[in-house]
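Novice: Shown below is the structure under consideration.
Any read-out appearing in this document is the output of simple, stated calculations on the displayed coordinates, not a laboratory observation. Because the structure is a prediction, the values reported are computed rather than measured. Heads up, the Cβs are rebuilt from the backbone with ideal geometry, glycines too, and the neighbour counts pull from every protein chain shown.
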Amino acid sequence: MKRKISIVMTLLTVWLACMAAESADTVTYLPHPEWVEVKTYGDSIHVKAKGKEHGANYDYSYDYALSGSTESDWEVNLPFFKTHYERAKKRRGGCWLSVDWFDNFYVGGVIGLDKPEGMRGGWEIGVDNLVGLFWHAGRKGAVLSLGAGLGYRSTNFGNGMRLNQIGKSLVIEPIEEGIASASSRLHLFRLTVPFMITQRIGCGMAIRLGAILNLNTYTSATTKIKSGRSTTKQSFHSLEQRFATPDFLGSLIVCDNCGVYVRWSPVSLFSSEWGPKVKTISVGVNFVL
């Protein structure tokens, strides 16, 4: 009895959904079903059922395409499932919004531009979109995204120079006589707000361009000094870095998941009275998860 009630309710649901688009022209009776499955995919409904009647097995399937589907909808995607491009292949057209997590993890090297004396480069790591909102302009169209991420950057100093703190100002100065060697490192932690546009160009490749607003939340510096057999370490905190700086990014994505990027930082982290002017360009690999 329960099976009969279940199949009647299932078919009634399918019938009502179909009637919303256009009138049904067929009624099917399935006695004693053992298994029923109803799935919806955007603008279509798929029904499968298996059962037995008078000792004979039957296997029923039904597909129905709905008309008048909406041009846009919402989609929430869990991380590490499928890429934007794999999901887009299942779309027939129209525009839609989605929310994604852990998109565009990157790691790369930092190169100084118009760099101060003693700067030797550095490295960076981060994720642009811990969470991001994506607007898809059709299955083959561009994807606009606005996200929130975080990153870390380390910049190294040496070659006879070291970092020192005078008041709240960070300065670069030559090492004193009697010091065998000294090396310094500038640490930057930041929140990021990237605005990107991604366009597929075929063969599993895509181009991503955009601007990133960096919210520089914490900056510190360390200096290690070797003199004879002893090593001392100095740490400098309470630095007066700029809170907001822009980056501009270009990336070539291959195989739908990984690629190479170039990130340009045209604004120095410090104004002239609070620290050295450091403008950088970074090159590395990124992974679109």
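Novice: Any idea how far apart L130 and K168 come out in nm if each label point goes 7 Å out from Cα toward Cβ?
Specialist: Inter-label distance under the simple model: 2.6 nm.
Novice: Which of the chymotrypsin sites (Phe, Trp or Tyr not before Pro) across segment 215-250 are loop residues per DSSP, with 13 or fewer other Cβ within 10 Å?
Specialist: F243
Novice: Order by neighbour count: S184, S282, fewest other Cβ atoms within 10 Å first, most last.
Specialist: Starting with the residue having the fewest Cβ neighbours, the order is S282, S184.
Novice: With each pseudo-label sitting 7 Å past Cα toward Cβ, what's the E177-T231 distance in nm, one decimal?
Specialist: 2.7
Novice: Same structure again: Using Cα pairs under 8 angstrom and six or more residues apart, how large is the relative contact order of segment 74-287, in percent?
Specialist: 19
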